[in-house]
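Novice: One structure coming up, written as structure tokens, with questions to follow.
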């Protein structure tokens, strides 16, 4: 795995995150996205943006998946954490000139939200769906 | 004689705004008609609202080219969707059971559904706004939309601050003003600015309009904080002092804490306080000079807005900005 890409993505994100906000990622998920990115002939800077945006959108959805209505304070913080990460994803994609990625992942997010309302809440399904969308984006726009 | 409502005075058709808001979901071929998401959003739009943010976008747009009216309306819809989605999340966070006199969405459905309906609204408006009027994805529109959707981070930072300072009476005036700017004023400032941008107004107007919108937004929010103490439950749709009951420290409270007689009573409040104790302190704050002092601070922002506006007085749309300011600041 390209550890530098991952380290740079985490550095990029840490500059924008409030201190108490932690990303919601597991090593396997990130490793698979990094490996997918390695197989496409796009610039390092674009790989970095795609990875960071994918991590943001995955984490944002995960924050909202993990909510517990039992604890008001944790519920509030969880909602805001997810909202903040969604907002950051928009800012980052715009700042790094990845408008096609922005549109692509927004469509993915919309479909995810509809699936979540319908009761789909498996993290595995979320990741499989995200990975498919990143692949489809790279297939279309990596030339 | 009663003064005409704001949209009428500005020649803005609220029905046209509502129609475009509905068209955002109507045009989503992936959203089944009759689904909980579809019905919830249509209900929310039809419940009405002041539509202040779209109105501000339209007024900002009047500083530009009238031929860009379609783009301005699309920007107006984008801001209102961001606002509506954030209200759904706010109602969950604040435990507010009603919105415009009706059950809030999380009460009508459940927390999880309401949360994802709001997220759908954000995702859908970004998808919709990234397309031009011919429904083609456009680079220019996608960037504009992302820039606007990115403002949510600032809204969240304001909300984090509010959450972290519940019943924290050491919140300073500066912290309160910063929180208010992020939570309310910034979005209003961006409405005026992006209205002008969408209408391709001269670039030197963007920052001026942003400054006016921010000052108006601050005055508006402080006035809203005051109303929470001075209006009855019937007129604001929630019990007086609801902010303080929820632990949210607003300007009247910060100012009232300077009163040596009142301060000890306020400082004793917390999640443990009984309704009677809350009621007593809320009444005392409402009757104190803190209300007038807080009103003075709102007035200072109003004055700043009016002074900044003067730089735009040669423009025909200045009159509309004045109407907007009159409405916010009366």
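Every number here is computed from the coordinates shown, using simple stated rules; none is lab data. Predicted, not measured: the structure shown is a model, and the values here were computed from it. In this analysis, Cβ positions are derived from the backbone assuming ideal geometry, glycine residues included, and neighbour counts consider all displayed protein chains.
Novice: What does the protein assembly as shown give for Rg and for Dmax, in Å, if only its C-alpha atoms count?
Specialist: When restricted to Cα atoms, the protein assembly as shown yields Rg and Dmax of 22.8, 74 Å.
Novice: With a/c under 1.5 counting as rounded, go ahead and sort region A:69-142 into rounded, prolate or oblate using the C-alpha gyration tensor (a ≥ b ≥ c being the square roots of the eigenvalues; past the cut-off, prolate if a/b is larger than b/c, else oblate). Before the final figure, lay out the partial values.
Specialist: Details: a/c = 2.97, a/b = 1.45, b/c = 2.05.
Because a/c hits 1.5 or more and a/b fails to exceed b/c, region A:69-142 counts as oblate.
Novice: Given only helices, namely DSSP H runs of n ≥ 4 each adding -39500 (n - 2.57), what is the per-residue ellipticity at 222 nm of chain A, to the nearest 500 deg cm²/dmol? Walk me through the numbers on the way to the answer.
Specialist: Values: 6 runs with 108 residues, N = 143.
After summing the helix terms and dividing by residue count, I get -25500 deg cm²/dmol.
Novice: Take peptide B:105-115, look around each residue's Cβ out to 10 angstrom, count Cβ atoms belonging to other protein chains, and average those counts.
Specialist: 3
Novice: I'd like the distance between the alpha-carbon centres of region B:65-119 and region B:153-221, rounded to an integer number of Å.
Specialist: 18 Å
Novice: Enter the angle in degrees (range 0 to 90, nearest 10) between the Cα long axis of helix A:3-14 and the first principal axis of the Cα atoms of chain A, meaning the one along which they spread out most.
Specialist: With rounding to tens, the tilt is 50 degrees.
Novice: Measure out, as a whole number of angstrom, how far apart the alpha-carbon centroids of region A:65-143 and region B:263-330 sit.
Specialist: Region A:65-143 and region B:263-330 have Cα centres separated by 38 Å.
Novice: Could you give the angle, 0 to 90 degrees to the nearest 10, between helix B:14-26's Cα long axis and the longest principal axis of the Cα atoms of chain B?
Specialist: 70 degrees
Novice: Could you estimate the translational diffusion coefficient of region B:18-154 from the Stokes-Einstein equation, with Rh from the Kirkwood formula over C-alpha pairs, at 37 °C and 0.692 mPa s, in whole µm²/s? It would help to have the intermediate numbers written out before the result.
Specialist: Working: Rh = 15.5 Å.
Rounded, D is 212 µm²/s.
Novice: Partner chain Cβ atoms within 10 Å, averaged over the residues of B:85-95 - can you pull that number for me? Don't skip to the end; give the middle numbers.
Specialist: On the way: counts 1, 1, 0, 1, 6, 2, 0, 6, 9, 2, 3.
That works out to 3 on average.
Novice: Sorted by packing (mean other beta-carbon atoms within 10 Å per residue), highest first, where do B:266-273, B:319-326 land? Mind showing how you got there, number by number?
Specialist: On the way: B:266-273: 13.5, B:319-326: 18.4.
Ranked from most to least packed, the peptides come out as B:319-326, B:266-273.
Novice: Can you give the helix-only mean residue ellipticity at 222 nm for chain B, where every DSSP H stretch with n ≥ 4 adds -39500 (n - 2.57) and the sum goes over all residues, rounded to the nearest 500 deg cm²/dmol? Intermediate values should be presented prior to the final figure.
Specialist: Details: 19 runs with 222 residues, N = 330.
The helix-only estimate for chain B comes to -20500 deg cm²/dmol at 222 nm.
Novice: If a/c stays under 1.5 just call it rounded; otherwise compare a/b with b/c (prolate if a/b is bigger, oblate if not). Do that for chain B, with a ≥ b ≥ c from the square roots of the Cα gyration tensor eigenvalues. Intermediate values should be presented prior to the final figure.
Specialist: Details: a/c = 2.02, a/b = 1.34, b/c = 1.51.
Oblate, because a/c is 1.5 or more while a/b does not exceed b/c.
Novice: Then there's this: Just order B:51-60, B:142-151 by mean Cβ neighbour count inside 10 Å, highest at the front, would you?
Specialist: In descending order of packing, they fall as B:51-60, B:142-151.
Novice: In chain A, if every C-alpha pair distance is counted and binned at 5 Å from zero, what percent goes to each bin?
Specialist: 2, 9, 21, 23, 22, 13, 6, 2, 1, 0
Novice: Then there is this: Could you rank the peptides A:109-116, A:78-85 by their average count of other C-beta atoms within 10 Å per residue, with the highest value first? Please report the intermediate quantities before stating the final value.
Specialist: Details: A:109-116: 21.2, A:78-85: 24.9.
Taking the mean over residues of other Cβ atoms within 10 Å, the ranking is A:78-85, A:109-116.
Novice: Additional query: Under a crude label model (7 Å from the Cα following the beta-carbon direction), how far is residue B:107 from residue A:123 in nanometres?
Specialist: About 3.5 nm, to one decimal.
Novice: Now for a separate question. Enter the angle in degrees (range 0 to 90, nearest 10) between the Cα long axis of helix A:44-65 and the first principal axis of the Cα atoms of chain A, meaning the one along which they spread out most.
Specialist: Taking the Cα atoms of chain A, the angle to A:44-65 is about 20 degrees.
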